[in-house]
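The values are calculated or read from the model by the stated rules, or taken from the named source; none is laboratory data. In this text, all values refer to a predicted model and were calculated from it rather than measured experimentally. FYI the Cβ positions are ideal-geometry reconstructions off the backbone, even for glycines, and counts take in every protein chain you see.
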Amino acid sequence: MTHRTRRLSFAAPAFALILASTGAAAQQSIDKVLGGITARAGQAYGDLETVNGGITIEAGATTRDAGTVNGGISVADKASTGKLETVNGGIKLGRGVTVGGGIETVNGGVFIDRGGKVRDGIENVNGDIGIVGTELGGGIESVNADVTVGAGSHVRGGIRIEKNESWGRHKDRDEPRVIVGPNACGKSTLLRALSRLLAPRSGQIILEGKDIRRYGAKELARKLGLLPQSSVAPAGIRVADLVARGRYPHQTLVRQWSKADEAALWRAMADARVTALADRAVDELSGGQRQRVWLAMALAQETPVMLLDEPTTYLDIAHQLEVLELCRRLNREGGRTLVMVLHDLNQAARYADHLIAMRAGRVQAAGPPGEVLTPSLVEQLFGIRCLVVPDPVTGTPMVVPISAVPQADDSPAPA
């Protein structure tokens, strides 16, 4: 039998196109679509080209090359596709996905889950790359961000990074960890236990090979800093004086305030964008300004480990992003270990290398955001139905809520 390939060209706008092939022998090629494309599970398609929206390839679907895509590409488990090129968004490949070519010119991140196979290499990527248990037939090159190569991966052509000289198995820093979960699930309690404000009922918390209960107070404060969820400043204290308290662990009876303390104070205030507030009274500030002052005090402490409990609380979106970018720099450039609690799942996925999902005091899942944030887990944790799609900018998982799942009313009945 001779298989015939048909090319369909759409001149009129199409908001979303759902492909439904009548059989594996009829491979449709799609060209010039002003909207998104969904390739249905178990079906076979031809080329997908000039798409002004995202492409979703469902589990078991087969497509040929995809190119000139003005949106992200999401390929579900065990699907297969051809070459992916000129993509103005992130690319996320599920488990066991086969790419019969290379991945080229991507203006976003690329994540490939376990069992993936890419015939050629990955190049010209303006975003982070993360691969886990993946086999690349070529190299990774011309990447303007970080590359993380997880265990079980094989990159035949080597790695060349343009911006940050880091590679997953050779990084000398700990991955930033973000704890997510519903209210009252134990996130803040966990941070308080890690900082020795609460004693665990059993077991030990080890820091640098030593039980934290064996550290002196100042010695521990030089190694580990905590930004709590809420704090109260002494009445009338100035911003600079409050931030200076972060230097207390570094002072002794014979070593009082020094030039190093002064430099650390102003560096921390500059990083937290509160230098202009130095002479203001803390109790005169807005909630967002106060939060940045407390962050500056934690930064002034200059500890190798920082625990941040909802550091973006009270902040507008611009300052939220500033704080999270600062945290990323502290980790990547300063080598600090960061553990944060965040409520915004999309921010958590974008800024964390490792997510810890909690519910009812227990860890439900932990690992890379692409593995942890699934629709079923989000529903289990938060009681909402959702879609999880690639972030169009970074390629990291992005949660799109659909509806709340009805919950039983556990409030007491009126007397």
Restricting to segment 102-145, what's the tally of residues that are under 17 Å from Asn88 (Cβ atoms) and assigned to a strand (DSSP E or B)? 13
Does at least one position in segment 315-327 carry a residue that is among the β-branched types (Val, Ile, Thr), more than 27 Å from Gly236 (Cβ to Cβ) and assigned by TED's automatic domain parsing to the domain that holds Thr394? yes
So, Leu345, is that one over 27 Å from Val125 (Cβ atoms) and either buried (at least 21 other Cβ atoms within 10 Å of the Cβ) or out of contact with any Asp or Glu (no Cβ under 7 Å at 6 or more places or on another chain) (or both) or not? no
Among (1) touching a strand residue (DSSP E or B) at 6+ places or on another chain (Cβ under 8 Å); (2) assigned to a helix (DSSP H, G or I); (3) surrounded by fewer than 17 Cβ atoms within 10 Å (Cβ to Cβ); (4) of a type in the set (Gly, Ala, Ser), Ala298 falls short only on (3)
Select from segment 268-281 the residues that are touching a residue at least 24 places away in the same chain (Cβ under 8 Å) and surrounded by fewer than 22 Cβ atoms within 10 Å (Cβ to Cβ) and write down the one among them that is nearest to Glu302 (Cα to Cα). Asp271
Inside segment 275-294, can you point out the residues that are under 12 Å from Ala240 (Cβ atoms) and within 26 Å of the chain's Cα centre (by Cα)? Val293
Return a yes/no flag: does segment 383-397 have any residue that is among the β-branched types (Val, Ile, Thr), closer than 30 Å to Glu208 by Cβ and touching a helix residue (DSSP H, G or I) at 6+ places or on another chain (Cβ under 8 Å). no
Output for Cβ contacts, cut-off 9 Å, separation at least six or different chains, first residue free of Cβ contacts under 8 Å to residues at least 24 places away in the same chain and in the same structural domain as Thr303 (by TED's automatic domain parsing) in segment 199-216, second charged (D, E, K, R) and in a strand (DSSP E or B), reads Gln204/Asp211; Ile205/Asp211
Looking for something within 26 Å of Asn107 (Cβ to Cβ) and assigned to a helix (DSSP H, G or I) - is there at least one such residue anywhere in segment 353-365? no
Please list, ordered by first then second residue, the pairs with beta carbon atoms under 6 Å, 6 or more apart or interchain, first in segment 379-399 and in the same structural domain as Glu58 (by TED's automatic domain parsing), second outside any strand (DSSP E or B) and polar (S, T, N, Q). none
When the residues of segment 222-258 are narrowed to those that are more than 30 Å from Glu208 (Cβ to Cβ), touching a residue at least 40 places away in the same chain (Cβ under 8 Å) and outside any loop (DSSP other than H, G, I, E, B), which ends up farthest from the chain's Cα centre (by Cα)? Arg238
Report, by residue number, each residue of segment 114-142 that is in contact with a strand residue (DSSP E or B) (Cβ under 6 Å, 6 or more places away or on another chain), charged (D, E, K, R) and crowded, with 18+ Cβ neighbours inside 10 Å. Glu123
Positions within segment 173-193 being out of contact with any strand residue (DSSP E or B) (no Cβ under 6 Å at 6 or more places or on another chain), among the hydrophobic types (A, V, I, L, M, F, W, C) and either part of a strand (DSSP E or B) or touching a residue at least 60 places away in the same chain (Cβ under 8 Å) (or both), in sequence order: Leu190
Out of (1) at pLDDT below 90; (2) part of a helix (DSSP H, G or I), the one Tyr314 does not meet is (2)
Which of the residues belonging to segment 259-288 are closer than 19 Å to Ala235 by Cβ, modelled with pLDDT under 90 and in a helix (DSSP H, G or I)? Gly287
Count - residues of segment 63-87 that are within 23 Å of the chain's Cα centre (by Cα), without any contact (Cβ under 8 Å) to a residue 60 or more places away in the chain and assigned to a loop (DSSP other than H, G, I, E, B): 3
